[in-house]
Amino acid sequence: MQEAIAEGILSMNHRSEPCMRLVARTIQLCRQKLDIPADYTLFFASSATECWEIIAQSCLRRQAKVLHAYQGAFGEKWASYTQKLSQYAHKDLELTAQTFEKIPDLAGKAEVVCLTPSETSNGTALAYPILEKLLPTHALSALDVTSCLGGVRLPISKGDIWFASVQKCLGLPAGLAIGILSPRAVALAYEIGERSHYNSLTNILDNIQKFQTPYTPNVLGIYLLNKVMQQVPHIDTIDAQTHERAKDWYSFFENIPDCKPLACPDTRSSTVLCLESTPEKISALKQRALENNLIFGNGYDKWKENTYRIANFPALTSEEITAGKVFLEDYFCNNHTDFASNSVCKKI
Ligand SMILES: *Cc1c(COP(=O)(O)O)cnc(C)c1O
């Protein structure tokens with residue numbers, strides 16, 4: 001940030017040459033480090049939530065059928081945004097082990113299929129073999145990868161519209177999102193040609209060809225993304241580390257009494273852990289953690305009281321992870337009652 005101030009980034013005109021060069025370089029770095037195919041188009045928005053709206057307003061033909069298949073609160077919220085913005089019929093589908101099989105059939109009737117590969121609210125993920133099976137070939141796919149882009153390798157070339165805000169796995173301050181579009185997603189946006197909004201996708205695409213944005217973007221955010229992309233290793237290296245750390249975390253919890261992952265083993269996210277315990281234990285845990293300079297994430301939505309969350313994001317250091325484990329071990333092993341968590345796997 002100090003370098004940004006020194007370089008005059010904070011007062012940069014966003015249509016100036018230096019800013020266009022910054023945007024171009026940042027896109028090029030994201031391509032390299034995140035291994036994004038050369039024929040895919042990158043763009044910037046301000047949040048994942050904005051991307052939900054961009055897709056609903058700019059990527060759906062009139063009366064297009066959309067299939068939202070979700071396994072938690074973020075995916076469900078996205079579906080409700082689409083419903084509000086589009087006056088036509090939608091099909092929503094809550095994902096359970098049983099409904100996985102229905103998706104290919106339903107996707108055949110939809111034009112766009114919306115998935116959340118890592119569901120931040122409950123720590124579940126669509127494992128790659130499942131995700132690849134779900135990704136439609138006829139319909140376009142839209143994927144909210146906010147809590148996994150930059151943390152694990154994603155099959156970008158198999159999907160059409162990918163997006164993520166930067167404050168999760170990319171470890172940056174909030175206020176910026178990255179969108180990644182396949183050639184057929186770009187073609188669809190131009191075919192629909194929706195231009196009624198400040199953030200209509202066609203306006204965004206026209207601008208990004210010149211390394212610009214329709215409105216003044218978060219230039220500092222783009223600069224910081226550039227810096228982070230210079231520093232981080234290739235996604236394959238990060239992916240290996242994330243999976244290794246996730247494996248360690250989950251095996252750690254096998255030996256912790258009274259606190260178990262909410263998700264079943266084959267639907268667990270590698271980037272967000274959601275742990276279940278009793279509401280009393282969790283509220284006391286957070287209090288004690290604060291006293292030890294540690295913050296665990298709150299539970300979300302219907303899991304607010306009986307879960308807490310741990311981010312397995314690349315920016316965390318091994319020392320920070322160890323400090324968390326030492327604390328948790330001490331807390332749960334010395335406050336042990338008999339908490340049985342075995343009903344959950346039937347649901348998630
Ligand atoms: C955090 C998160 C969001 C919301 O991100 P904003 O930047 O607040 O819009 C959306 N989807 C998922 C999966 C998330 O984890």
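Numerical summary
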item: Residue within the range 91-108 that is more than 16 Å from the ligand (Cβ to nearest atom), in contact with a Leu (Cβ under 8 Å, 6 or more places away or on another chain) and in contact (Cβ under 8 Å) with a residue 60 or more places away in the chain present; result: no
item: Residue match in the range 143-151 (condition: touching a Gly at 6+ places or on another chain (Cβ under 8 Å), acidic (Asp, Glu) and in contact (Cβ under 8 Å) with a residue 40 or more places away in the chain); result: yes
item: Residue list for the range 31-56, filter: of a type in the set (A, V, I, L, M) and more than 16 Å from the ligand (Cβ to nearest atom); result: Leu34, Ile36, Ala38, Leu42
item: Matching residues, the range 87-115, being at pLDDT 85 or above and closer than 20 Å to Thr49 by Cβ; result: Val112, Val113, Cys114, Leu115
item: Residue in the range 179-197 that is closer than 23 Å to Ala56 by Cα, modelled with pLDDT of 95 or more and within 13 Å of the ligand (Cβ to nearest atom) present; result: yes
item: Residues that are farther than 16 Å from Gly123 by Cα, in contact (Cβ under 8 Å) with a residue 40 or more places away in the chain and surrounded by fewer than 19 Cβ atoms within 10 Å (Cβ to Cβ), drawn from the range 290-317; result: Ala315
item: For Gln167: the one exception among (1) closer than 26 Å to His243 by Cβ; (2) touching a residue at least 60 places away in the same chain (Cβ under 8 Å); (3) in a loop (DSSP other than H, G, I, E, B); (4) within 12 Å of the ligand (Cβ to nearest atom); result: (2)
item: Search result, residues across the range 265-297 that are part of a loop (DSSP other than H, G, I, E, B) and within 20 Å of the chain's Cα centre (by Cα); result: Ser269, Ser270, Thr271, Phe296
item: Residue ID - farthest from the ligand (Cβ to nearest atom), chosen from residues in the range 57-71 that are at pLDDT below 95 and small (Gly, Ala, Ser); result: Ala64
item: All positions within the range 6-23 that are under 9 Å from Phe211 (Cα atoms) and among the polar types (S, T, N, Q); result: none
item: Criterion violated by Leu316 - all others in (1) over 30 Å from Thr96 (Cβ atoms); (2) at pLDDT below 95; (3) within 23 Å of the chain's Cα centre (by Cα); (4) not hydroxyl-bearing (Ser, Thr, Tyr) satisfied; result: (2)
item: Unique match (being more than 14 Å from the ligand (Cβ to nearest atom) and surrounded by 24 or more Cβ atoms within 10 Å (Cβ to Cβ)) among Gly159, Gly123, Gly150; result: Gly159
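The values are calculated or read from the model by the stated rules, or taken from the named source; none is laboratory data. From a predicted model like this one, the values you see are computed outputs, not experimental measurements. Neighbour counts run over all protein chains shown; Cβ positions are idealised from the backbone, glycine included.
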